[in-house]
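Okay, structure first, notes after.
Quick note: the coordinates plus some simple rules give every number you see, no bench work behind them. As the structure is a prediction and not an experimental result, all values here were calculated from the model. Quick reminder, even Gly has a Cβ in these numbers, built from the backbone with ideal geometry, and neighbours come from all protein chains shown.
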Amino acid sequence: MNTTKIMTIGEIVGSLESGMTIGIGGWGSRRKPMALVRAIYRSSLKDLTIVSLGGADVGLLCAAGKVRRVVAPFVTLDSVPLEPHFRVARQSGAVEFAEYDEGMFMFGLLAAAHRLPFLPTRAGLGSDVPRVNPDLRTVRSPYDDGEELLAVPALTLDAALIHMDRADTRGNGQYLGPDPYMDDLFAKAAGRCYVSCERLVGPGELDGPPQTLLVSRMHTAGVVETPNGGHFTDCAPDRARDEAFQRHYATSAADPEAWAAFAERFLSGDEAAYQEAVRRWREEQEERAR
Amino acid sequence: MSATRAEICVAACAEAWRGDGEVLAAAMGTCSILGARLARLTFEPGLLTTDGGAMLTAEPVPFGAPAGPAEGWMPFRDHLWLVQNGRRHVMMGASQIDRFGNTNISAVGAWDRPKSQLLGVRGAPGNTICNPTSYWIPKHSTRVFVPKVDMVSGVGYDRAAELGPVASRFHGLRRVVTDLGVFDFGTPDGAMRLVSTHPGVTVEEVAAATGFDLVIDGDVPETRQPTDEELRLIREVLDPRSLRDREVRT
């Protein structure tokens, strides 16, 4: 099989539509497909439902007014606990929020990945999660125990965006860091999954233990090479989180004027312009430190 | 050796895992993480602890140190499956906690449009309904210890009782450790009880920093001092950079 699934960032984002439910892989501020998120930020898409173990992906898209609804157990930058844009969006009532427990969220993806309507769990029972998600239902065990459990509905996605350390031109994705997060579940829960990667290789050239081959081409619709495309999130082993830049992002995001300047400097051009702007920013920081 | 307040808190957190055997000691917050590793190094050697990430470390590692040799791998998905499986005792933080141990890390104010959006419920609902749970709260105040939490993220004893004995059979809040004292829920209705006050803290101070009526049974003892060996392990092995003092000031 010689056909490639190579696409451009523009082609991937151009294939998405307003109103879609889009899953975004990674976890918090770790291995997020930020190059694709930045492209959505610049796009004309709107009214999106974002399903995410949320970080700056959710924050940026909220800041750009792209989001109608967020489905998430948290939104955090990890080393910066609270995501400023998400806070503003929630506190101003700009977005709807389906707040799930982490285990519920995983079961929702698992259900969608296996074409099940729901999966049962105890997680969520007794908490206010059912109160703030009045659509949630419980289900009673058909066996002798008769236990009542929360029926987590399938989190079926129109599209998923994930960022891999490596991918091949056929769309197979590989992770080389310590944690796969839920990225393979996002891929299987989605009608189509797009993979961005730090480095694109030819078929058969994904080096590493077999268990690092996380996402199969049978589940991917397109692949794009985006070196440093996870920036500023953690992308181990190739790149650690850019903590200094994340602090700059978080500080800027907490203040409308500072954010306008940040957006003008970093987010007004394409991905190459972003990477160049970050490079120049880092040079300035080093200059100042001298 | 005389212990600082932070060191008393670390030993009090460690006590939460006493008797747990071979379970994952999942910890959040500096003194809680140090406590888990201290318990493993001393009276509870069967515990499993992480590097703060996906690795189960072969030995308890100093705070913030690289994992070193691993004895297991627990990426987030396996951690969430372990919550369902049950061989885990978690010590979480809380932005709000009430008399029955309901906790909130999600949002303060009306949920629909919160005054302050916090993290989200994260794993708190599943943790509390599936695993033994304790809490580490570094700043005990009436802002945290409130009559009623705004959003129940972690399930308390009144909510567990409403669910009935089957659904709540894995629920259990073990202890709450703060910078002022130690608390449990060993009362007939599961209301929070003052177990001990840290050296130098009075019962009145604890009551004044708590926004609901604590159960106080007779004379309240002092929280135990760390042993000399525990202090050595905290100071020389687990936390030589004294990060504990950033969380609890002396």
Ordered by number, the trypsin sites (Lys or Arg not before Pro) in segment A:87-161 that occupy a DSSP loop and have at most 10 other Cβ atoms within 10 Å are A:ARG115
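So for the protein assembly as shown: antiparallel DSSP bridges make up what percent, rounded to the nearest 5? Each step should come with its number before you reach the end.
Values: 30 of 78 bridges.
Counting DSSP beta bridges with both partners in the protein assembly as shown, the antiparallel share is about 40 percent.
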Using just the helices of chain A, give the 222 nm mean residue ellipticity in deg cm²/dmol: DSSP H runs with n ≥ 4 each add -39,500 (n - 2.57), and the total is spread over all residues, rounded to 500. -9500 deg cm²/dmol
Please report, to one decimal in angstroms, the Kirkwood hydrodynamic radius of segment B:61-137 built from all distinct Cα-Cα pairs. 14.5
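Between exposed chymotrypsin sites (Phe, Trp or Tyr not before Pro) in chain B, where DSSP calls loop and at most 16 other Cβ atoms lie within 10 Å, what's the longest gap?
The segment B:44-169 is the longest one with no such site.
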Quick check: convex hull of the Cα atoms in segment B:25-95, volume per residue, rounded to a whole Å³? 94
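Would you mind checking the pairs A:LYS46/B:LYS148; A:LYS5/A:LYS66; A:LYS5/A:LYS32; A:LYS32/B:LYS148 and listing those with alpha carbons more than 31 angstrom apart? Please list the in-between numbers first.
Details: A:LYS46/B:LYS148 38 Å; A:LYS5/A:LYS66 27 Å; A:LYS5/A:LYS32 20 Å; A:LYS32/B:LYS148 36 Å.
Too far apart for the 31 Å limit: A:LYS46/B:LYS148; A:LYS32/B:LYS148.
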For each of B:THR133, B:THR227, count neighbouring Cβ atoms within 10 Å of the residue's Cβ, then give the residues from fewest to most. B:THR227, B:THR133
What share of the DSSP beta bridges in segment A:40-127 is antiparallel, in percent to the nearest 5? 10
For segment A:174-230, just say rounded, prolate or oblate: build the C-alpha gyration tensor, square-root its eigenvalues into a ≥ b ≥ c, call rounded for a/c under 1.5, and beyond that prolate if a/b exceeds b/c, oblate if not. rounded
Rounded to whole Å, give me the distance from the Cα center of segment B:120-181 to that of segment A:1-59. 36
Charge dipole of the protein assembly as shown about the Cα centre (unit charges at C-beta), most positive-ward option of A:VAL224, B:GLY211, B:PRO199: A:VAL224
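Above 18 Å lies some portion of the pair distances; for segment A:175-290, what is it as a whole percent of all C-alpha pairs? Mind dumping the intermediate values first?
Details: 4135 of 6670 pairs.
Counting every Cα pair in segment A:175-290, those more than 18 Å apart make up 62 percent.
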Phi angles of segment B:167-183, converted by Karplus (6.51 cos²θ - 1.76 cosθ + 1.60, θ = phi - 60°) into ³J(HN,Hα) in whole Hz with x for Gly and Pro, give 5, 9, 5, 9, 7, x, 9, 7, 7, 10, 10, 10, 6, 9, x, 10, 9
If a/c stays under 1.5 just call it rounded; otherwise compare a/b with b/c (prolate if a/b is bigger, oblate if not). Do that for segment A:50-207, with a ≥ b ≥ c from the square roots of the Cα gyration tensor eigenvalues. oblate
When the charge dipole of segment A:224-290 is computed with +1 on Lys and Arg Cβ and -1 on Asp and Glu Cβ about the Cα centre, the Cα farthest towards its positive end, among A:ALA273, A:THR233, A:GLN285, belongs to A:GLN285
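Taking beta carbons within 10 Å but only from partner chains, what does the mean come to for residues A:176-185? All intermediate terms of the calculation are to be shown ahead of the outcome.
Details: counts 0, 3, 9, 10, 5, 4, 4, 0, 1, 1.
Mean shielding by partner chains, rounded to a whole number: 4.
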Hits in segment B:83-97: amide N under 17 Å from the 7 Å Cα→Cβ extension of A:TYR143, namely B:84-86
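Using a 10 Å cut-off around each Cβ of peptide A:104-110, what is the average number of partner chain Cβ atoms that fall inside? Don't jump to the answer; show the numbers that get you there.
On the way: counts 5, 4, 7, 3, 0, 1, 1.
Taking the mean over all residues of the peptide, I get 3.
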Inter-label distance for A:ALA258 and B:GLU222, nm, one decimal - labels placed 7 Å from Cα along Cα-to-Cβ: 4.5
Binned at 20 Å starting from 0, the alpha-carbon pair-distance distribution of the protein assembly as shown in whole percents comes out as 22, 54, 24, 1
Choice from A:PRO227, A:PRO84, A:PRO134 showing the highest fluctuation, given a GNM over chain A with Cα pairs closer than 10 Å: A:PRO134
Karplus ³J(HN,Hα) for segment B:206-220 (6.51 cos²θ - 1.76 cosθ + 1.60, θ = phi - 60°; Hz, whole; x = Gly/Pro) runs 5, 4, 5, 8, 10, x, 8, 6, 7, 7, 10, 9, x, 6, 8
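What value, in deg cm²/dmol to 500, does the helix sum -39500 (n - 2.57) over DSSP H runs of n ≥ 4 give at 222 nm once divided by the residues of chain B?
On the way: 8 runs with 62 residues, N = 250.
Result for chain B, helices only: -6500 deg cm²/dmol.
Taking the Cα centre of chain A as the origin, how large is its charge dipole in debye, to the nearest 20, when only Lys and Arg (+1) and Asp and Glu (-1) carry charge on their Cβ atoms?
On the way: 32 positive and 40 negative charges, 86 e Å.
Charge dipole, chain A, about its Cα centre: 420 debye, nearest 20.
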Over all alpha-carbon pairs of chain B, lay out the pair-distance distribution in 5 Å bins, whole %, shortest bin first. 1, 7, 14, 18, 20, 17, 14, 7, 3, 0, 0
Going by average Cβ density within 10 Å per residue, which order do the peptides A:48-56, A:232-240, B:3-11 take, highest to lowest? A:48-56, B:3-11, A:232-240
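GluC sites (Glu not before Pro), restricted to segment A:108-211: which are DSSP loop and have at most 13 other Cβ atoms within 10 Å? Don't skip to the answer; put the middle values down first.
Details: sites: A:GLU147, A:GLU148, A:GLU198, A:GLU205; in loops: A:GLU147, A:GLU205.
Sparse-neighbourhood loop GluC sites (Glu not before Pro): A:GLU205.
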